[in-house]
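The values are calculated or read from the model by the stated rules, or taken from the named source; none is laboratory data. This one's a predicted model, so the numbers in the text were calculated from it and none came from an experiment. Virtual Cβ from ideal backbone geometry, glycine too; neighbours counted across all protein chains shown.
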2 protein chains.
Amino acid sequence: MPRVLIVEDDESMAIALRDGFEYEGFAPALARDGEAGLRQALAEPPDLIILDVMLPRMSGLDVCRKLRADGVATPIIMLTARGQEIDKVLGLKMGADDYVTKPFSFMELMARAEAVMRRANGGAGAAALEAYSFGDVSVNFKKHEARKGGRPVDLSQRELQLLKYLIEHRGQVVAREQLLYAVWGYEQIPFTRTVDMHVAKLRKKIEGKADEPQFIVTVHRVGYKFIG
Amino acid sequence: MPRVLIVEDDESMAIALRDGFEYEGFAPALARDGEAGLRQALAEPPDLIILDVMLPRMSGLDVCRKLRADGVATPIIMLTARGQEIDKVLGLKMGADDYVTKPFSFMELMARAEAVMRRANGGAGAAALEAYSFGDVSVNFKKHEARKGGRPVDLSQRELQLLKYLIEHRGQVVAREQLLYAVWGYEQIPFTRTVDMHVAKLRKKIEGKADEPQFIVTVHRVGYKFIG
DNA sequence: TCTCCGTTGTCAACGGACTGTAAAGAGGCG
DNA sequence: CGCCTCTTTACAGTCCGTTGACAACGGAGA
């Protein structure tokens, strides 16, 4: 279970984040000011740090810089209030991996959290999903290959990424919006049917009967869910 | 326990609100005029502020604006008398999250309070109920799945939301009006049988005998109550 | 106990919202 | 230019939420 350190002084925001991460299967720890956050992060580096910019005792920017100076490589996401947008550049310069502007949806934060953690593990830990099989389908993401019943199936880049994300979240309902964040990298979510389109294509290629999907099922008014 | 600051000069109204919030599990604090309210809110920002518009020493609108100017992000609900409806727009412009016109039912205020607090927490906060079991039924809200006696049961989005709200308030009687606020997001409550309809559907799907409900019981002339 | 009226349960039908999918448009790359 | 993939558009089909009607029920008062 990945551990996340949340450094945030606003009580209700801190609670909300803690609950949210807990809900998503993280082990959250809280710190209420910059110094405490720094101490905790150094004592036992977590897998992810959520860092408010405005903090008592020591600003998030300083915490971030000191952590990096001490060789802590844990991914860091900064929380900034609107109007502190200038901090973006500064924050990234200080060594943050991403930043989110308040107010934000928890889903957005989560998608970014997944992204920075994946990036961080990209070189070393190889936490990325390499291959997966379900039904008569097998996919090798590393080699960019897929087979159904032994026969090779051509999947485009997007189709593969989409399938991978769905598989990585198998059993869970994934919202279209979430997919647009995670697979497409959209920041502003426009209204679009792109996701549906690609799901349809995927189904045609990997489902036995595309009109009775067995693996990628629709959850009306919510999104899609991978079963397998 | 969430903290609420009630800024209200009318003695009996203030007492009523304090008692009501206390009953609902809040830790209430009172302020009798605008300046006191502002001071208290700045000294120790609560999780929710109830702010009368007409106040001695400093109007609710001014309090609201100053709070926002000082970076206080706590959700604010304004209380306005009928005929001050013009304040609605003004209040929202000043940074209030919602407003309620006197006279109002406490239930209405409570429902709006829950709504703005949930919004402020980015949807993550109090709504962290992931799964729940009762009788031979198990529901996983995260996976959007339900089972009765091991068999999958199809629940629509609304049905699931309704069930979730009832379970989160298990043991309490929940009025139809309250459900329309919380589950449907209605602001103006029209006369409608929609809630009853959905309760009936839910009962058919999760109760053993739909005509002898065991889990979702009717409280005549009041609403519904979940037992489990 | 019986009656009456307001409240709740339930059915069927309508309509709107959501989804599936084909086909055209847009852009990149050799 | 031609091929490929991704995106948008358009339309049809499906799902589900809502409504109105009526039956059944509950509680209060005679």
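Only one of these is more than 16 Å from DNA strand C (Cβ to nearest atom), touching a residue at least 60 places away in the same chain (Cβ under 8 Å) and at negative phi: B:167, B:206. Name it. Break it down stepwise before answering.
Details: B:206 fails: more than 16 Å from DNA strand C (Cβ to nearest atom).
Only one candidate qualifies: B:167.
Could you grab me the full set of residues in the range B:147-158 that are within 13 Å of another protein chain (Cβ to nearest Cβ) and under 10 Å from residue B:205 (Cα atoms)? Give the derivation first.
Here is the first cut: in the range B:147-158, the residues within 13 Å of another protein chain (Cβ to nearest Cβ) are B:152, B:154-158.
Selection gives B:154, B:155.
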Practice problem: Could you tell me which residue of the range B:36-58 is modelled with the highest pLDDT, considering only residues that are closer than 29 Å to residue A:54 by Cα and surrounded by fewer than 17 Cβ atoms within 10 Å (Cβ to Cβ)? | Solution: B:39
Practice problem: Report, by residue number, each residue of the range B:206-226 that is under 20 Å from the mean Cα position of the chain (by Cα) and of a type in the set (D, E, K, R). | Solution: B:225
Practice problem: Could you tell me which residue of the range B:172-228 is nearest to the other protein chains (Cβ to nearest Cβ), considering only residues that are more than 8 Å from DNA strand D (Cβ to nearest atom) and among the acidic types (Asp, Glu)? | Solution: B:187
Quiz item: Which one of these does residue B:71 not meet: (1) in contact with a strand residue (DSSP E or B) (Cβ under 9 Å, 6 or more places away or on another chain); (2) in contact (Cβ under 8 Å) with a residue 12 or more places away in the chain; (3) within 21 Å of residue A:52 (Cβ to Cβ)?
Solution: (2)
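Condition check: within 14 Å of chain B (Cβ to nearest Cβ), under 28 Å from residue A:168 (Cβ atoms), in contact (Cβ under 8 Å) with a residue 40 or more places away in the chain and charged (D, E, K, R). Does residue A:8 satisfy that? Lay out the reasoning, then the answer.
Numbers: within 14 Å of chain B (Cβ to nearest Cβ): yes; under 28 Å from residue A:168 (Cβ atoms): yes; in contact (Cβ under 8 Å) with a residue 40 or more places away in the chain: yes; charged (D, E, K, R): yes.
The answer is yes for residue A:8.
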Quiz item: Would it be correct to say that residue A:115 is more than 14 Å from chain B (Cβ to nearest Cβ) and either closer than 17 Å to residue A:4 by Cα or basic (Lys, Arg) (or both)?
Solution: yes
Quiz item: Quick check: is even one residue across the range A:178-201 within 14 Å of DNA strand C (Cβ to nearest atom), among the aliphatic types (A, V, I, L, M) and at pLDDT below 90?
Solution: yes
Quiz item: What are the residues in the range A:84-101 that are modelled with pLDDT of 75 or more and not in a loop (DSSP other than H, G, I, E, B), if any?
Solution: A:98, A:99, A:100, A:101
Quiz item: Mind checking which pairs have a first residue in the range A:100-112 that is under 16 Å from residue A:8 (Cα atoms) and in contact (Cβ under 8 Å) with a residue 24 or more places away in the chain and a second that is among the aromatic types (Phe, Trp, Tyr) and surrounded by 17 or more Cβ atoms within 10 Å (Cβ to Cβ), Cβ under 8 Å, 6 or more apart or different chains?
Solution: none
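Quick check, is residue B:224 among the aromatic types (Phe, Trp, Tyr) and either more than 12 Å from DNA strand C (Cβ to nearest atom) or out of contact with any helix residue (DSSP H, G or I) (no Cβ under 9 Å at 6 or more places or on another chain) (or both)?
Numbers: among the aromatic types (Phe, Trp, Tyr): yes; either more than 12 Å from DNA strand C (Cβ to nearest atom) or out of contact with any helix residue (DSSP H, G or I) (no Cβ under 9 Å at 6 or more places or on another chain) (or both): no.
So residue B:224 fails the test.
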